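Enquirer: The structure that follows is given in the form of structure tokens.
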Amino acid sequence: MFDMDGTLVDTERLWWEAVEEVAAGLGRSLAETDEADVLGRPVEHTAEVLSRATGAPFAEVAADLHREFAVRVRSGVVARPGALRLLDALAADGVPTALVTASPRAVADHVVEALGAGRFAVTITADDTPRTKPDPDPYLAACHALGVDPAACVAVEDTQTGVSSAEAAGCAVLAVPSLAPIAAAPGRTVLESLEEVTPARLREMITPHESHESREPPEPRELRVMTWNLWYGGTKVAHHREKQLKVILEAGVDVVGLQETYGTSARELADALGWEHHQAGENLGVISRYPVVARLGAPDPGFYGATGVRIRLSERQEIVLWSAHLDYTPYGPYEASFDGLAAPELVAHEGGRLGQLREILDTMAPDLAARDTTPVLLVGDFNAPSHLDRTDAEWPVTKAAAEAGLRDSYRDAHPDPIEEPGVTWSPVHTEHEDGSGRPEPRDRIDYVLHAGDSLRVLDSRTLVTGNPRPWPDVEDNDWPSDHAAVITTFSLTTIPLGRTAGPV
């Protein structure tokens, strides 16, 4: 199954030039940070982005983009190196091929005619599914039309948007980047050109297509999960939304649990990224490049609490992720550093947060019980140190999470808290805010916790970009938060949804 623009034909650059032309006419210059909203995107998505950025009417922007791109396509479609040879080789081997594109049918038809309509058994365009890339719908529609399981297919793509769509559908992916680089990952092959691709090489990418019971275990896939307290939605820093988007895109994450969303951040970030989202009340949210198929917990859990989602990574695999925010008062590191409280008092004062976490764990109980089928993540700002980090008290909040079966991914990757403290509080508070000049205690209070044997930690790290100036001179910081983010990369072994009787 082939993407069109930038993969089979050299139109990705034509599309960029068309968007660049329309944007310039609206007084806006494109930059590298715009790639995620242009490359691999349907006309409507890019038109909406330009419309919001410039105030121009959406319908006019969309019409201008269609016109400029069509002019460039009609001037001559150029096949990518190796594309026609590979299509001919597949036809000679009797392998059916599909064209799966985020372009409208009016554009796709021009390209198919130029390449030869008989080369494709199926053509799926942006007009043919309710949602287009990065959602899995186009590839699932192509599989349905071909009458094949996604696991028996290879999708050939040139952008991260298309790769996400194909992987969410459950296809193996061959990535041949055109303009923006694509990282290699389990279940994904990255090559410079189609010239080195043969039907035999494509066959090697597919797990033998048998029943779930007899199929050999598939190669693990990679999943990158982030937790981030946005700090009043990011509003303490100028141009915070653009800076947040830059962080998320450059980090290459798949799912982000958010705290302090200020009521709208999850939706606005997801809309800008072309992702899906769940916003719970004024404070909590989740955004995901993969489809959110269920929303869990109370619609408004209050400022402190948790919210959950079920995310479908493919037709054969889902995960559950909860984003949590626990109360910050009384704050244990202050009481230990400034007040000199002994361990029993420190533990006793964690009672409020401990109660909040236990309520969250009770709500998560059905998910945790099914973790062998559907892996579970609990991420967030706990406002509490870890019992794995400090010896001045048996900090009970993280200990309760561990007793419930949740592992700390950062400590899985970095067992020694002296060598790798993993501090998340705080990149901007160097002195305590009371004006006393006392150094602010630096601690690890943000976590990516996980449960389920199919998740294995490959790496975990904290993230702060730039060199943030300390509070209160933070307005021009590149980093738009007072917390460091935590990003964990997992390998995920696919467990087919129908294999056990667990909830789906």
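The values are calculated or read from the model by the stated rules, or taken from the named source; none is laboratory data. This structure is a prediction, so every number in the text was calculated from the model and none was measured. Here the Cβ positions follow ideal geometry from the backbone for every residue, glycine too, while neighbour counts run over all protein chains shown. Ligands, DNA and RNA are stripped out before the accessible areas are found, and what is left, the full protein with its side chains, is counted by its heavy atoms. Shrake-Rupley method; radii C 1.70, N 1.55, O 1.52, S 1.80 Å.
Enquirer: Looking at segment 437-461, which of its residues are modelled with pLDDT of 95 or more, open to solvent by 30 Å² or more (accessible area, probe 1.4 Å) and not in a loop (DSSP other than H, G, I, E, B)?
Expert: Scanning segment 437-461 gives PRO439, ARG461.
Enquirer: Only one of (1) under 16 Å from LEU313 (Cα atoms); (2) open to solvent by 10 Å² or more (accessible area, probe 1.4 Å) fails for LEU223. Which number is that?
Expert: Checking LEU223 against (1) under 16 Å from LEU313 (Cα atoms); (2) open to solvent by 10 Å² or more (accessible area, probe 1.4 Å), the one that fails is (2).
Enquirer: Which of the residues belonging to segment 278-295 are open to solvent by 20 Å² or more (accessible area, probe 1.4 Å) and either more than 16 Å from ALA306 (Cβ to Cβ) or among the β-branched types (Val, Ile, Thr) (or both)?
Expert: Answer for segment 278-295, where residues must be open to solvent by 20 Å² or more (accessible area, probe 1.4 Å) and either more than 16 Å from ALA306 (Cβ to Cβ) or among the β-branched types (Val, Ile, Thr) (or both): ARG289, VAL293.
Enquirer: Here's something else I'd like to know. So THR132 passes all but one of these: (1) farther than 19 Å from VAL71 by Cβ; (2) surrounded by fewer than 15 Cβ atoms within 10 Å (Cβ to Cβ). Which condition number does it fail?
Expert: Exception for THR132: condition (2).
Enquirer: I'd like the full set of residues that are in contact with a Gly (Cβ under 7 Å, 6 or more places away or on another chain) and crowded, with 20+ Cβ neighbours inside 10 Å, limited to segment 371-394.
Expert: Across segment 371-394, the qualifying residues are ARG371, THR373, THR374, PRO375, VAL376, VAL379, GLY380, ALA384, PRO385.
Enquirer: I've got another one for you. Which members of segment 406-423 meet the condition of being among the β-branched types (Val, Ile, Thr) and either touching a residue at least 40 places away in the same chain (Cβ under 8 Å) or in contact with a helix residue (DSSP H, G or I) (Cβ under 6 Å, 6 or more places away or on another chain) (or both)?
Expert: Matches in segment 406-423: VAL423 only.
Enquirer: Let me ask something else. Has segment 487-497 got any residue that is aromatic (Phe, Trp, Tyr) and part of a loop (DSSP other than H, G, I, E, B)?
Expert: The answer is no, given that none of the residues of segment 487-497 is aromatic (Phe, Trp, Tyr) and part of a loop (DSSP other than H, G, I, E, B).
Enquirer: Another question, if that's okay. Can you tell me which condition GLY466 does not meet? The list is (1) without any contact (Cβ under 8 Å) to a residue 60 or more places away in the chain; (2) touching a His at 6+ places or on another chain (Cβ under 8 Å); (3) assigned to a loop (DSSP other than H, G, I, E, B), and all the others hold.
Expert: So the condition that GLY466 fails would be (2).
Enquirer: Okay, next question. Within segment 421-436, how many residues are at pLDDT below 95 and either closer than 18 Å to THR489 by Cα or open to solvent by 40 Å² or more (accessible area, probe 1.4 Å) (or both)?
Expert: Going through segment 421-436 one residue at a time, the tally reaches 6.
Enquirer: A follow-up question, please. So which residues in segment 91-121 are touching a Pro at 6+ places or on another chain (Cβ under 8 Å) and crowded, with 18+ Cβ neighbours inside 10 Å, if there are any at all?
Expert: Listed by number, the residues that qualify are VAL100, THR101, ALA102, SER103, PRO104.
Enquirer: Determine whether ASP473 is open to solvent by 30 Å² or more (accessible area, probe 1.4 Å) and free of Cβ contacts under 8 Å to residues at least 24 places away in the same chain.
Expert: Yes.
Enquirer: Please go through segment 393-427 and give me each residue that is over 21 Å from ASP327 (Cβ atoms) and either assigned to a loop (DSSP other than H, G, I, E, B) or among the aromatic types (Phe, Trp, Tyr) (or both), ordered by number.
Expert: GLY405, TYR410, HIS414, PRO415, ASP416, PRO417, ILE418, GLU419, GLU420, PRO421, GLY422, PRO427
Enquirer: Would you mind telling me which numbered condition in (1) within 30 Å of ASP271 (Cα to Cα); (2) touching a residue at least 24 places away in the same chain (Cβ under 8 Å) ALA79 fails?
Expert: The one condition ALA79 does not meet is (1).
Enquirer: Looking at segment 223-239, I want the residues that are without any contact (Cβ under 8 Å) to a residue 60 or more places away in the chain and under 14 Å from LEU284 (Cβ atoms) and have a partner that is of a type outside the set (Phe, Trp, Tyr) and not in a loop (DSSP other than H, G, I, E, B) with Cβ atoms under 8 Å, at least 6 apart or on another chain. Which pairs are those?
Expert: Partner pairs satisfying both residue conditions: GLY233/HIS240; GLY233/SER265.
Enquirer: Just one of (1) at pLDDT 90 or above; (2) closer than 18 Å to ALA155 by Cβ trips up LEU84, so point out which.
Expert: Evaluating LEU84 over (1) at pLDDT 90 or above; (2) closer than 18 Å to ALA155 by Cβ leaves (2) as the failure.
Enquirer: Just for strands (runs of 3 or more DSSP E) wholly inside segment 104-197: which have at least 1 residues that are under 26 Å from ILE287 (Cα atoms) and without any contact (Cβ under 8 Å) to a residue 40 or more places away in the chain?
Expert: Those strands (runs of 3 or more DSSP E) span 172-175, 188-190.
Enquirer: So which of HIS450, HIS429, HIS414 is closer than 15 Å to HIS387 by Cα and of a type outside the set (D, E, K, R)?
Expert: HIS414
Enquirer: Condition first: of a type in the set (D, E, K, R) and not in a helix (DSSP H, G or I). Now tell me which residues in segment 227-249 satisfy that.
Expert: LYS236
Enquirer: In segment 15-37, which residues are without any contact (Cβ under 8 Å) to a residue 24 or more places away in the chain, surrounded by fewer than 18 Cβ atoms within 10 Å (Cβ to Cβ) and not in a helix (DSSP H, G or I)?
Expert: SER29, ALA31
Enquirer: How many of the residues making up segment 244-259 are more than 23 Å from VAL376 (Cβ to Cβ) and open to solvent by less than 40 Å² (accessible area, probe 1.4 Å)?
Expert: Qualifying residue count for the region: 3.
Enquirer: Sticking with this one: With the condition being closer than 14 Å to LEU296 by Cα and either free of Cβ contacts under 8 Å to residues at least 12 places away in the same chain or within 22 Å of the chain's Cα centre (by Cα) (or both), I'd like the helices (runs of 4 or more DSSP H) fully within segment 321-379 carrying at least 3 qualifying residues.
Expert: Answer list for segment 321-379: 351-369.
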